[in-house]
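Here is the structure we will look at, set down as structure tokens.
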Amino acid sequence: MKLLDTAELKTLIEALLFAAPGPVRAGQLAAALHPDLPPARVSAVVELLAEEYRQTRRGFVLQELAEGYQLRTRPEHAEYIRRLHHSRPVRLSRAALETLAIIAYRQPVTRADVDYLRGVDSGAVMKTLLDRHLVRMVGRKDLPGRPVLYGTGPEFLEFFGLRSLAELPSLPEFNELPPDLLEAVESLSTAAGEAFADQDGKSQG
Amino acid sequence: MAYHIDLENFKGPLDLLLHLIKQHEMDIYDIPIAEITAQYLAALDTMKSLNLEIAGEFLVMASTLLHIKSRLLLPSREAADNDEEEVDPREELVHRLLEYQKYKEAAQSLERLPLLGRDVFVRQIADEAMAGNDDGELQPVPLFELVEALRRLLQEPPPPPVHEVARERLSVAERARQVLELLSRRPQLPFLDVVGLGCDRELLIVTFLAVLELAKLGLVRILQGQHHAAIWLHAVEQRPAAAAIPVDEAFGYC
């Protein structure tokens with residue numbers, strides 16, 4: 001079997017992406033197409049396809065995610081698709097979004113860190129996020145009681161349409177803070193996290 | 001003064017404090033502690049007067065505020081005794097507020113991203129299509145699966161309560177006619193769409209009974225692609241079918 005030309009590859013890759021149940025990596029596509037096909041060639045053709053979709057303004061876009069390539073509809077078409085599905089949009093509560101933001105930006109973090117930053121108990125919200133696989137346990141912290149550390153996984157990136165955590169919107173910084181206070185706050189920020197383990201003592205003491 | 005405490009909106013004491021600071025145009029880096037404490041306690045009072053249960057976290061923050069206030073009022077012992085730099089008792093609170101505000105904003109920017117299932121969608125490929133063991137033949141649905149489907153529908157949380165004024169009298173015969181009407185437009189319909197159509201439990205049960213009666217009368221057939229697959233209602237060619245539906249009394253549902 002001779003190597004496929006670009007036009008052929010384009011339609012084949014289009015077919016594979018169309019029929020794929022989830023994101024597909026260049027390597028997986030290459031393996032399905034031809035034993036000698038280098039994944040880099042597939043990536044290049046995928047780029048051509050993506051560009052073609054953009055230029056012809058198709059109803060879907062070819063997006064690169066952490067787990068591979070996927071065809072996705074355009075955000076501006078969401079309302080029509082929901083009407084077709086008779087489905088209510090997927091929703092995350094504000095509490096869930098706040099918790100998720102803390103975990104995504106500060107991972108790995110413990111429940112205590114999240115509770116301290118939010119000022120409320122995050123148990124129920126954490127459970128929802130774990131159930132929806134947006135958050136996962138990534139280890140244990142070397143502290144008394146070995147608290148579980150949480151972080152985000154591939155499902156988080158897939159849900160938000162990101163290639164990596166580096167694509168997260170940048171965090172607002174304390175840039176309006178006067179420099180002397182900024183210094184004080186920074187030294188406190190490390191101390192505060194540790195002090196939280198002793199939350200009760202703090203509020204009374 | 002009037003407080004507009006929108007319960008949904010306060011996710012905790014930090015959120016409430018941030019709101020009060022903004023509302024009263026206070027400087028977050030130089031919080032007037034006496035004033036914010038008074039505002040905060042007043043807000044808690046409002047919540048109490050509305051008979052809301054105040055979460056423990058709100059009370060902890062109240063005590064923190066009072067503690068800071070007292071420390072500001074009393075001359076610091078350490079500062080008098082030695083020349084160690086005096087730490088502003090508000091500093092930790094300011095830090096927590098700033099951090100909280102940061103993540104609150106981050107949460108808002110996360111929400112603006114195109115979310116899968118809300119803004120963007122991917123193709124839904126049924127497991128059966130991928131498994132390849134589906135010969136496309138439809139088969140009768142065992143009774144237990146039908147009952148299981150009803151149980152699942154009943155387990156779904158009921159929709160938020162709507163205050164009813166008049167009580168509607170639901171009729172199995174009427175519902176059966178409506179189901180036939182739906183089926184006259186399309187030869188087959190998903191069972192879950194017909195029975196579970198976002199309705200209340202009473203309507204759900206009446207619809208389920210109506211579907212069973214229709215099946216008994218031979219006006220619809222209940223089929224599925226394979227065990228545990230989606231259940232479909234199929235119209236049976238027989239016209240005029242609606243005439244064959246007896247009144248409720250004949251079904252024995254009165």
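The values are calculated or read from the model by the stated rules, or taken from the named source; none is laboratory data. Model, not experiment: these values are computed from the prediction. Quick reminder, even Gly has a Cβ in these numbers, built from the backbone with ideal geometry, and neighbours come from all protein chains shown.
So for region A:7-19 (the condition being modelled with pLDDT of 90 or more, farther than 30 Å from B:Asp15 by Cα, within 11 Å of chain B (Cβ to nearest Cβ) and exposed (fewer than 12 other Cβ atoms within 10 Å of the Cβ)), does at least one residue qualify? Yes, region A:7-19 contains a residue that is modelled with pLDDT of 90 or more, farther than 30 Å from B:Asp15 by Cα, within 11 Å of chain B (Cβ to nearest Cβ) and exposed (fewer than 12 other Cβ atoms within 10 Å of the Cβ).
Scan region A:74-94 and tell me whether some residue there is in contact with a Ser or Thr (Cβ under 6 Å, 6 or more places away or on another chain) and more than 30 Å from B:Pro190 (Cβ to Cβ). No, that holds for no residue. Evaluated against (1) buried (at least 18 other Cβ atoms within 10 Å of the Cβ); (2) more than 21 Å from the chain's Cα centre (by Cα); (3) among the aliphatic types (A, V, I, L, M), A:Leu84 falls short on exactly one condition, (1).
Test A:Val109 against the stated conditions and say whether it is β-branched (Val, Ile, Thr), modelled with pLDDT of 90 or more and surrounded by 13 or more Cβ atoms within 10 Å (Cβ to Cβ).
yes
Among the residues making up region B:22-65, those that are touching a residue at least 40 places away in the same chain (Cβ under 8 Å), part of a helix (DSSP H, G or I) and away from chain A (no Cβ under 14 Å) are B:Ile33, B:Ala43, B:Thr46, B:Met47. Restricting to region A:54-80, name every residue that is in a helix (DSSP H, G or I) and surrounded by fewer than 17 Cβ atoms within 10 Å (Cβ to Cβ). Within region A:54-80, A:Arg54, A:Gln55, A:Pro75, A:Glu76, A:His77, A:Glu79, A:Tyr80 meet the criteria. Scanning region B:97-121 for residues that are facing chain A (nearest Cβ under 7 Å) and in contact (Cβ under 8 Å) with a residue 40 or more places away in the chain yields B:Leu98, B:Tyr100, B:Lys104.
Assess whether B:Phe208 counts as being of a type in the set (Phe, Trp, Tyr), modelled with pLDDT of 70 or more and touching a helix residue (DSSP H, G or I) at 6+ places or on another chain (Cβ under 6 Å). Yes; evaluated as a whole, the condition is true for this residue. Select from region A:81-95 the residues that are of a type in the set (D, E, K, R) and assigned to a loop (DSSP other than H, G, I, E, B) and write down the one among them that is nearest to A:Pro39 (Cα to Cα). In this case the residue turns out to be A:Arg91. Scanning region A:121-151 for residues that are within 13 Å of A:Ile102 (Cα to Cα) and among the hydrophobic types (A, V, I, L, M, F, W, C) yields A:Val125, A:Met126, A:Leu129, A:Leu134, A:Val135, A:Leu149. One residue alone among B:Lys48, B:Lys104 is basic (Lys, Arg) and at pLDDT 90 or above, and that residue is B:Lys104.
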